[in-house]
Every structure is written in C-alpha cells, then in structure tokens.
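Enquirer: Below you will find the structure I want to go over with you.
The values are calculated or read from the model by the stated rules, or taken from the named source; none is laboratory data. Since the structure is predicted, the reported quantities are computational estimates derived from the model, not experimental observations. So basically every Cβ, Gly included, is an ideal-geometry build from the backbone, and we count neighbours across all protein chains shown.
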Amino acid sequence: MGSNLGHLSTLLPLARRLREHGRHALVAVRDVTLAGRMLGPVGIPFVQAPLPTVFGRVAQQPASYADLLRMQGWGDSVQLGACLSAWLQLLSLYGPQLVVVDHSPTALLAARCAGIPAVMIATGFELPPALQPLPPFPGFSGATAAGAALAESQVLEAVNQVMARLRRPRVDALRDLFRVEQRWLTTFPELDHYGARPDECYVGPIGQLQCGEPLDWPTGTRRVFAYLRCGTPGLAEILRALGNADAAVICWAPGVDRSLLDPLKHCRVSISPVPVDLERLRDQADLCVSYSPAGTVASTLLKSVPQLLAPVHIEAQMTAHRVECMGAGLTLRGRQDEKSIGTKLQHLLGHSDFKARAHAFARRYKDFHAARAADEIVDQIEVVIAKNKNTGADAH
C-alpha cells in the first residue's frame, strides 16, 4: 500500500544482502516504473504486486488502520478475494520459504492462508498496536474507539467471507494478522506514529537511495533542503516562500509542474526533478522542508536538522505530530499564504531551540548506522528461515 520511493528504498538493502547470502529475492512492487529505476540497475528482480483497481469515493481521511483497510478494498469481499487469490497464485508460482512484508496486508493474509512464514518491517504506521479492536489513529478529534471498532467489524466480515470461500480458518481480530515470525520497526521510538512501544523492536531507518544527483549548494549563509511533491498542501505558496527566503535552497520536486518551478530559477535556488544525493546535503542543511515522509524526516533529524512540514495524508500528519512533540519542527496546517510560510521559515532558521532539540535527537542515536541495522534484520531473517527450513520450498 506504500507509494513513492520510501518503501522501495527500504526493501533494496534487504534484497541485496539476501542475495549476498545466496538467497533468491523477488520483490513484488506497487509501481514497476519506480522499481525499474531503483531495483533494475542493481539486478534485483521484481514483479507487479496484485492491486485493487476500483475504490469507492472517500469523503474523509481514515480514522484507524481498520478504516484504512476498508478504504483500500478490504471492506468488499469480492475485491479482497480477487486480490488475495492473485497473491496466493504469485506465492504458489514462486514458492518462497519466507515472505518479507512492508505495508502489504493482503500479502500478509496470503502468506497466512498459504502457511508460509512471514516477517514484517514497518515505520510504525503500518504496524498498529496489538489491541482488539485496533485503536484509532492518535491525535485526531474524529478518530474514536467506537469508529475504529465499527471499521474493524466491517473489515472482518469481508475477510471471513473470503476465508469461508477458501476454506481457511476465521480471522477473529485484525491484530492476529500481525502475529508473524518476527517484526522490526524501521524508525525510532520518538517517531513511532503511535508513540513509543516498549514491546516492539526498533532498528531505525534502513532506506537506501541509489545514485542521487550530486548538487552543490547555491550561494547563501543558511541552507534549506526541500522535498516536495505535487499534491503537497500549499505547494505554490511554499515554493514562493522558499524563493524569497534569505537562504540557499536545494529543492527535490518530482512531478511538480514546471510553471511553479520556473520562477524560482535564480542564484539561490537549485531544483531537481530526480532524486538528489541527500547524504551530501543533510550534513550542511539548516532546515528541511517536506511533505513529511518518514524516511526523509528521520534521516535529516539524525543530522540535527529541524523540520518544516506540510503533510498531506494521515501517515504524514502523524509523523509531523511526533516531530512537533519533540520540539524539532513546525507543521503547516490549514490555509497558509506565502507570508505566513515565510515567517515560519525564518522562525525555524532563527531560533536555536528547534536546532537544539533536533541535535538532542541526533545525539541519542549518534551510534546508529543504517547498514548495520539492515545486516541485523537479514541475520535474523536467516534464523527464521533456518527454523522453518522443513516447512517451505527448497530453492528460495
């Protein structure tokens, strides 16, 4: 269910390490074009993941994980059954010993039906607390326990209609779906969308972007890195505020209309439509402006960079809320004009409190290394495979 580069960048280091261990890893992806750009150059095979093709019109944001599933086709037994059958067919054709799931609940249900061991990686949002029913999303006035319970009952009704047709055991609670061999939260407790959970295994972000474009900072004493996409709330106003800011700006803006970007082409703003080499930039950035993707937020906070966030969807809003709770950034809410955004930019650049709190976060995790975290996950995957070696296929 995840889009853009974040999920692929997380799966890539695992697939590469599994291959180094002599394993054959096949990645089922939502977007084959993105996969071709990221996985293709390093020889990781991929296929199109089964996806629902028709969604009902949604007038509001989901209020719980069960609500999100309902909106993604799990409230319709015909649609869910079709996607589940396609996943089961894919698993049957490939014959894996293990399924590694990243924000793919239907794949998780398929592995359960097929009796194939599964493990999970998640940022926090994709792995709700193991309560019955699953809880509402925290921090939203319209998200209630009663609404979450109703959504879960509707989803379970559709799930169990499908289970009955497939002659599989009933699913009594959605939390049972997440009872896998092992699971890792690829984030930090402070950024967990549900808040810190002492019973989960946090390993930190392992995302790996390949071959980002190397860009040099334009002239300026203060430096702002921006990652903005079409659909970002207040995008035009944010871009104008960046263009008028007293700072050097590098903006990664995939898919953004050129009419919004062309006016910014001057000596203090550099714009790229393709991924940039963030490793080179975040060490020197004074501020990160983004639509609040979890990976970008975490990786820049690790370099003591405060945040200005314009979240569009519920997951990004929850990430932004956690950053605000840390005191490491500000969120753009409601209608914002260029002046108000510019004021927040200058406030973040000019007040040391935000930098100090971002630095405190970075100091807590100064010994974190993404490569080491990925190694740890793959080593534990090997343990799971060894434990289940007599229950799976032979070659994968």
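Enquirer: Which members of region 241-283 meet the condition of being among the acidic types (Asp, Glu) and either touching a strand residue (DSSP E or B) at 6+ places or on another chain (Cβ under 7 Å) or assigned to a loop (DSSP other than H, G, I, E, B) (or both)?
Expert: Pass one, region 241-283, residues among the acidic types (Asp, Glu): 246, 257, 262, 277, 279, 283.
Correct list: Asp246, Asp257, Asp277, Asp283.
Enquirer: Just to be sure before I move on: is Val47 touching a helix residue (DSSP H, G or I) at 6+ places or on another chain (Cβ under 9 Å), under 22 Å from Leu185 (Cα atoms), in the same structural domain as Arg17 (by TED's automatic domain parsing) and not in a helix (DSSP H, G or I) in the structure I sent? Write out each step before concluding.
Expert: Working: touching a helix residue (DSSP H, G or I) at 6+ places or on another chain (Cβ under 9 Å): yes; under 22 Å from Leu185 (Cα atoms): no; in the same structural domain as Arg17 (by TED's automatic domain parsing): yes; not in a helix (DSSP H, G or I): yes.
The answer is no for Val47.
Enquirer: Conditions: (1) of a type in the set (D, E, K, R); (2) in a loop (DSSP other than H, G, I, E, B); (3) surrounded by fewer than 17 Cβ atoms within 10 Å (Cβ to Cβ). Arg37 meets all but one. Number of the miss?
Expert: (2)
Enquirer: Examine region 72-94 for a residue that is within 21 Å of Leu185 (Cβ to Cβ) and hydrophobic (A, V, I, L, M, F, W, C), and state whether such a residue exists. I'd like the intermediate steps shown before the answer.
Expert: So in region 72-94, the residues within 21 Å of Leu185 (Cβ to Cβ) come out as none.
No, because not a single residue in region 72-94 is within 21 Å of Leu185 (Cβ to Cβ) and hydrophobic (A, V, I, L, M, F, W, C).
Enquirer: Check whether at least one residue in region 253-268 is out of contact with any Asp or Glu (no Cβ under 6 Å at 6 or more places or on another chain), surrounded by 23 or more Cβ atoms within 10 Å (Cβ to Cβ) and not hydroxyl-bearing (Ser, Thr, Tyr), and report yes or no. Explain how you work it out, then say what you get.
Expert: In the first step, residues of region 253-268 are kept if they are out of contact with any Asp or Glu (no Cβ under 6 Å at 6 or more places or on another chain); the result is 253-268.
Then keep just the ones that are surrounded by 23 or more Cβ atoms within 10 Å (Cβ to Cβ); that gives none.
Scanning region 253-268 turns up no residue that is out of contact with any Asp or Glu (no Cβ under 6 Å at 6 or more places or on another chain), surrounded by 23 or more Cβ atoms within 10 Å (Cβ to Cβ) and not hydroxyl-bearing (Ser, Thr, Tyr).
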